[in-house]
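I have placed the structure first, in the form of structure tokens, so that the comments after it can refer back to it.
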Amino acid sequence: STGDKRKMTAAPGGADGKEKKKESCWFCLKSPNVEKHLVISVGASMYLALAKGALSNDHVMIVPTNHIKCQQFLEPNQQEDVEKFKRALRTLNRTNKKSTTVFFERSLSTSHM
């Protein structure tokens with residue numbers, strides 16, 4: 001309106017803010033902050049990495065290469081990538097370690113999703 005004297009500015013976390021936050025994301029493969037030495041294998045839409053704050057010596061993470069809040073939002077091809085990693089981990093643990101594999105999902109709320 002004509003009487004409104006407030007200035008329009010970009011909201012924090014807008015296009016520029018979101019990109020800056022993505023750059024600082026620990027899980028983004030393109031981020032300079034990702035610890036690439038922890039990455040074990042990269043699939044089409046997921047990657048397997050050692051957990052930085054591991055719960056056990058065998059703790060690994062299946063992480064999406066793109067930002068996806070939780071498995072509920074995965075496309076069918078992304079879900080298949082998750083299942084491929086799960087099958088490989090079950091086989092590894094059953095064959096080499098004679099142990100059972102446990103999977104759980106941790107959904108992180110971040111400022112850029």
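The values are calculated or read from the model by the stated rules, or taken from the named source; none is laboratory data. Keep in mind the model is a prediction, meaning the values are calculated, not measured. When we count neighbours, we look across all protein chains shown, and the Cβ atoms used for this are built from the backbone with ideal geometry, even at glycine.
Key figures for this structure:
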item: Test: VAL63 is touching a Phe, Trp or Tyr at 6+ places or on another chain (Cβ under 7 Å), at negative phi and surrounded by 13 or more Cβ atoms within 10 Å (Cβ to Cβ); result: yes
item: Qualifying position, being under 23 Å from MET61 (Cβ atoms), of a type in the set (Gly, Ala, Ser), within 13 Å of the chain's Cα centre (by Cα) and modelled with pLDDT of 90 or more, among ALA44, ALA49; result: ALA49
item: Residue match in the stretch 24-34 (condition: more than 19 Å from ARG106 (Cα to Cα) and among the charged types (D, E, K, R)); result: yes
